[in-house]
Amino acid sequence: MYLVTQFSFEAKPVTQWIDRLRAIGIRLPVWIGVPGPASIKTLLRFAQECGIGPSMRVVTRQARNTWPSS
């Protein structure tokens, strides 16, 4: 058995969640979802639908650093 996350743009909330799991005795492996190839606009739409709004701010602030120019 293992756990799979939705995608996230920030590591800290995911690692904090994993720390909380470990603290209550859950030791299953965690597979962290990553966004696939998509435009920033598409990723932001998916983020909003998945409820990861706080991570959206990171992408919009650092879009140039997180996505290669075409």
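Since every read-out is calculated from the coordinates, none of them should be taken as a lab result. These numbers were taken from a predicted model, which means no experiment stands behind them. Positions of Cβ are backbone-derived with ideal geometry, glycine not excepted, and every protein chain shown enters the neighbour counts.
Tabulated data for the structure shown
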{"read-out": "Derived scalar couplings ³J(HN,Hα) [segment 36-42; Karplus, 6.51 cos²θ - 1.76 cosθ + 1.60; whole Hz; x for Gly, Pro]", "value": "x, x, 6, 6, 4, 4, 5"}
{"read-out": "Qualifying chymotrypsin sites (Phe, Trp or Tyr not before Pro) for segment 1-34 [loop in DSSP, other Cβ within 10 Å: at most 13]", "value": "TYR2"}
{"read-out": "Pairwise label distance in nanometres, VAL4 with TRP31, each label 7 Å out on the Cα-Cβ vector", "value": "0.5"}
